[in-house]
Amino acid sequence: MNTKSTVEIVTEWDIVAARQLGRNEAKAIGFGAVDQARITTAISELARNIYLYARAGEVTIERISNEEKVGLRIIAADKGPGISNLKKVMEDGYSTSGGLGAGLPGVKRLMDTMDIQSTVGNGTTIVIEKWVK
């Protein structure tokens, strides 16, 4: 069942394309409207972060399954500046761009799992998953 699609993030329109791909995949495997919106919002935030901070990267959306359920894995990867303080960026209200600081903490709340790997100077990879309930 592993179906995988990738959207290169270079322009703001690529953020829209990644969101649409995520919504379509979520709908296709049986997520309800609320979870489709959660997934779309999470993808939008990750793609926007790539665009704003790294200037280029990619969002990969993969169908996943185990013996009991199906879901989506989203991988947002870039070769940007990296995140120097992961603990800080996961605090509500923290922002380096003047925003509300709800980005990555919000993504974590919207999804079932989240893993961040980042090296200063080498980039960041964030993997999130959501399972159909």
Pick out which of E25, E58, E67 has the largest mean-square fluctuation in a Gaussian network model of the chain, springs linking Cα atoms closer than 10 Å. E67
Using alpha-carbon coordinates, inclination of helix 12-28 to the longest axis of the chain, degrees: 30 degrees
Which entry in (1) 23; (2) 29; (3) 32 matches percent of Cα pairs over 24 Å apart derived from the coordinates of this structure? (1)
Unsatisfied cross-links (Cα-Cα over 19 Å) in the set K4/K130; K79/K130; K4/K79: K79/K130; K4/K79
Name the most mobile residue of S118, S65, S44, meaning the one with the largest mean-square fluctuation, in a Gaussian network model of the chain with Cα contacts below 10 Å. S65
The stretch 46-97-the stretch 106-131 distance, computed between alpha-carbon centres (Å): 5 Å
Using helices alone, what [θ] at 222 nm do you get for the chain, with -39,500 (n - 2.57) per DSSP H run of 4 or more residues, divided over all residues and rounded to the nearest 500? -10500 deg cm²/dmol
Under 8 Å for C-alpha pairs, at least 6 residues apart: give me the relative contact order for the chain, rounded to a whole percent. 25 percent
FRET efficiency estimate (nearest 0.05) - Cβ-Cβ, K4 to E91, R0 25 angstrom: 0.20
Given backbone amide H placed at 1.01 Å from N, residues whose amide H is under 5 Å from that of I9, ignoring those fewer than 5 places away on the same chain, are G57, E58, V59
Among G80, G121, G106, which one shows the biggest mean-square fluctuation in a GNM of the chain, springs joining Cα atoms closer than 10 Å? G121
With Cα atoms, 0 to 90° folded angle of helix 33-49 axis to the chain main axis: 30 degrees
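FYI, it's all coordinate maths here, none of it is from the lab. Given the structure is predicted, the values throughout are model-derived calculations rather than measurements. Every residue, glycine as well, gets a Cβ built from its backbone with ideal geometry; the counts of neighbours run over all protein chains shown.
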